2 protein chains.
Amino acid sequence: MRKHTIDTISDRRRQRLEQVLRRRQPNLTIVVENVWDPHNVSAILRSADAVGLQRVHLLYTIEKAPNLRRFGKQSSASAKKWLEFTFHDNTEKCFDGLREDGYSIYASHLSREAVSLHEIDFTKKTAIVLGNETRGVSDEACERADGIYLIPMMGMVESLNVSVAAAVSLYEALRQRKEAGFYDTPQLGEDAFRDKLTHWATL
Amino acid sequence: MRKHTIDTISDRRRQRLEQVLRRRQPNLTIVVENVWDPHNVSAILRSADAVGLQRVHLLYTIEKAPNLRRFGKQSSASAKKWLEFTFHDNTEKCFDGLREDGYSIYASHLSREAVSLHEIDFTKKTAIVLGNETRGVSDEACERADGIYLIPMMGMVESLNVSVAAAVSLYEALRQRKEAGFYDTPQLGEDAFRDKLTHWATL
């Protein structure tokens, strides 16, 4: 199959790619910490794409860093194809890098100091940390985060699956950003927009 | 093991059960239509309990109605233990019954007539319809619903897993209801509250 370029894709395809790039949110990201189940990571990536994330941080300090090939098929319907990834094996360096880039870091964790998800201002440049299936976000990541939030749980069950927690958190960010008009004007700079469009055309 | 009753449970247990019952939302429910994967149903029930639902409607018109024993363990951590179920095999009868009880019925479906999730007023008495993994909500259920909503999708991927869609929808309902104070005053009537407390003590 001949590979497409920006000059050979159909108008309809180009419009679709441009539409999605206009809605990308380069100032919202997630840090996936030691999540080992490929189904969970795939589901998280799907929600990340749906909410318009462009980059996902994969922080593996205990579990072995996963091979991206395990996360869903290489079809155009697969979320990972449209996302960029940064791998980390050190929490301090990961968070320092994010802070240098201007992100506030919020970890999803059940704890006394946590505020409710709905109190977080997701219109700021934000990185959301989601933790391992059993252990949750690590103590180190919680301590190094700028804040800890919890997803309100009104029932008898005391935890949510990590992919559900990711979706609920990301969709609260989407709700706030939609209200603030973040999906109506491109958030990517002109150069980044053009570079990504050129690259996406080949995918 | 001796079975506990309301007179033999610990004060701490009783307080926990009462806390959860005070937050139950008898005027919010979901209709799970032909969802066949037990993992998906389990995840939906977990979110339902977490948001404070008391009853779940299982509508199976094509897929065989599932055996509840398949939906998660019979441990106290399992959501299904704290929920009540109504089985249906006829969409019209199911929806007529809900309407007689005063529910407005909203189906989660990608379609031109759909409004955004965030435009729905979930402080009203609402039943949310979630459809089969592949086919989505059926045409019949969409036609018979009072409205159709969609979960905004800003990326390249064009659908969410049904358990993710359920969680995102239910948590939007929680957000609105929390803001409106629905979790601060008991929504269950006194008799229902006492009956359920007596029953839950034995679980």
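May I ask for the percentage of alpha-carbon pairs in segment B:101-198 that lie more than 19 Å from each other?
Roughly 48 percent, once rounded to a whole number.
What fraction of the DSSP beta bridges in chain A is antiparallel, stated in percent and rounded to the nearest 5? All intermediate terms of the calculation are to be shown ahead of the outcome.
Numbers: 1 of 24 bridges.
In chain A, DSSP labels about 5 percent of beta bridges as antiparallel.
So which aspartates and glutamates can A:K80 reach, going by Cα to Cα under 12 Å and dropping same-chain residues fewer than 8 places off?
Result set, ordered by chain and number: A:D49.
Mind listing P(r) for segment A:1-69? All alpha-carbon pairs, 5 Å bins, whole percents.
Result, from short to long distances: 3, 14, 19, 16, 14, 15, 10, 6, 2, 0 percent.
Probe radius 1.4 Å, ligands and nucleic acids ignored: give me the carbon and sulfur share of the accessible area of chain B as a rounded percent.
On the way: 4470 of 9700 Å².
Carbon and sulfur: 46 percent of the exposed surface of chain B.
Taking a temperature of 37 °C and a viscosity of 0.692 mPa s, what whole-number D in µm²/s does Stokes-Einstein yield for the protein assembly as shown with Rh from Kirkwood over alpha carbon pairs?
147
7 Å along Cα→Cβ for the label point: how many nanometres lie between A:K64 and each equivalent label in the other copies, listed shortest first?
Reported distances to equivalent positions: 3.9 nm.
Would you kindly derive the ³J(HN,Hα) couplings of segment A:78-89 from the backbone phi angles with the Karplus curve 6.51 cos²θ - 1.76 cosθ + 1.60 (θ = phi - 60°), listing them in order in whole Hz, with x for Gly and Pro?
Each residue's phi maps through the Karplus curve to give 7, 5, 5, 4, 9, 10, 10, 10, 10, 8, 9, 10 Hz.
Using a 10 Å cut-off on Cβ atoms, rank the peptides B:54-64, A:183-193, A:24-34 from the highest mean neighbour count down.
Peptide ranking by packing, descending: A:24-34, B:54-64, A:183-193.
Please list, in chain and number order, the residues 5+ apart from A:F85 or on another chain whose amide H is under 5 Å from its amide H, with Hs placed from the backbone.
A:V56
Find every distance from the label point of B:R12 to the corresponding label point in the other copies (7 Å from Cα along Cα→Cβ) and write them in nm, one decimal, shortest first.
6.3
Taking R0 as 60 Å, what FRET efficiency do you get between B:T185 and A:E190 from their Cβ-Cβ distance, rounded to the nearest 0.05? Could you put the intermediate results ahead of the total?
On the way: r = 52 Å, r/R0 = 0.87.
Step by step, r from the Cβ atoms, then E = 0.70.
Leaving out same-chain residues fewer than 8 places away, which aspartates and glutamates sit with a Cα under 18 Å from that of B:K3?
Within reach: B:D11, B:D195.
How big is the dipole moment of segment A:143-203 about its Cα centre under a simple scheme where the beta carbon of each Lys and Arg is +1, that of each Asp and Glu is -1, and everything else is neutral? Debye, nearest 20, please. Numbers along the way, then the final one.
Values: 6 positive and 9 negative charges, 32 e Å.
Dipole magnitude for segment A:143-203 comes out near 160 debye.
For segment A:1-41, count the residues as N, evaluate 2.2 N^0.38 Å, and divide the Cα radius of gyration by that value, please.
1.79
Starting at the first residue of segment B:138-151, write each ³J(HN,Hα) from the Karplus equation 6.51 cos²θ - 1.76 cosθ + 1.60 with θ = phi - 60°, in whole Hz, x for Gly and Pro.
My calculation for segment B:138-151 gives 5, 4, 4, 5, 4, 5, 7, 6, 7, x, 10, 10, 10, 8 Hz in order.
Output wanted: per-residue J couplings in Hz (rounded whole) for segment A:40-54, from phi through Karplus 6.51 cos²θ - 1.76 cosθ + 1.60, θ = phi - 60°, x for Gly and Pro.
Per residue, the Karplus-derived 3J(HN,Hα) values read 5, 4, 4, 5, 5, 5, 4, 5, 4, 4, 4, 8, x, 5, 10 Hz.
Out of A:R175, A:R69, A:R12, any idea which swings most in a Gaussian network model of chain A, alpha carbons joined below 10 Å?
Most flexible of the set in this elastic network: A:R12.
What are the residues whose amide H is under 5 Å from the amide H of B:Q187, where those residues sit 5 or more places off or on another chain and H is modelled from the backbone?
So B:Q187 has HN proximity to B:R24.
Express in % the proportion of alpha carbon pairs of chain A at distances exceeding 21 Å.
53
Would you mind working out the accessible area per residue for segment A:41-131, using a 1.4 Å probe, and quoting it in Å²?
Value returned for segment A:41-131: 46 Å² of accessible area per residue.
If each of B:L203 and B:D101 carries a label point 7 Å out from its Cα toward its Cβ, how far apart are those two points in nm?
1.6
Computed on protein heavy atoms with a 1.4 Å probe, what is the summed buried accessible area for the chain pair A and B, in Å² to the nearest 100?
On the way: alone 11330 and 11330 Å², together 19410 Å².
Approximately 3200 Å² gets buried when A meets B.
Quick one: what does P(r) look like for segment B:79-151 with 10 Å bins over all Cα pairs, in whole %?
Once binned at 10 Å, the Cα pair distances of segment B:79-151 give 18, 49, 30, 2.
Determine the residues within segment B:153-167 where the difference in accessible area between the chain on its own and the full set of protein chains amounts to at least 20 Å²; count protein heavy atoms only and use a 1.4 Å probe.
For segment B:153-167, once contacts with the other chains are taken into account, B:M153, B:M154, B:G155, B:M156, B:V157, B:E158, B:S159, B:L160, B:V164, B:A167 lose 20 Å² or more.
Go ahead and collect, in residue order, the members of segment B:94-138 whose backbone nitrogen is under 17 Å from a label point 7 Å along the Cα-Cβ direction of B:A65.
B:94-98
The values are calculated or read from the model by the stated rules, or taken from the named source; none is laboratory data. Nothing here was measured: the structure is a model prediction, and the numbers come from that model. We place every Cβ from the backbone using ideal geometry, glycine too, and count neighbours over all the protein chains shown. The area values use the complete protein model at the heavy-atom level, side chains included, leaving out ligands, DNA and RNA. Shrake-Rupley method; radii C 1.70, N 1.55, O 1.52, S 1.80 Å.
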